[in-house]
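Readers should treat all values here as calculations from the given coordinates under stated rules, not as data from a laboratory. Values in this document were obtained by computation on a predicted structure and should not be read as measured data. Here the Cβ positions follow ideal geometry from the backbone for every residue, glycine too, while neighbour counts run over all protein chains shown.
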Amino acid sequence: MAGKVNTTTAIAIAVIAAVLVGSFVVVGMMLGGGSDGELVAMVHDSDGNVYEMPLDTDDTLEVTTDLGTNVVVVQNGEVYMDDADCDGHDCMRQGSVSAPGRQIICLPHKLWIEVVRSGESGGSMDVEAVAGSDSEVDEDLDVVAR
């Protein structure tokens, strides 16, 4: 009887260890630890344009639409909003992002940045739904979509 308990215990420990290792691998990939494709910042403007900025190359992008101008910077593997001529500058206070799924949003300019793996299409956003149908944005609103 003692041999069956030891075998059962050993099998249970092996199953638990396999589940834990699998969980760490999945969580690591979700947080950007996987190696399938380089990371890219996709910058979406209010005119429907999408600009791709690889996170492994330092770069600056100035995006100007009828709503205003934003300056997006990629530096040291991260992307951030360096400058914006909107009121409040909430997009600039959102800091830098570098992991897949992270976003920076400028509601007044209807511009948003998302980090994705190269080759992925990224998400979508209905800025009107977030900002309100009349496109008026509360100056105290600080939005970070994660």
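So the values come out like this:
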read-out	value
ASP56/LEU20 FRET efficiency (R0 35 Å; Cβ-Cβ; nearest 0.05)	0.65
Theoretical gain in end-to-end length, GLU38 to ARG93 [0.36 nm per residue, Cα-Cα removed]	17.2 nm
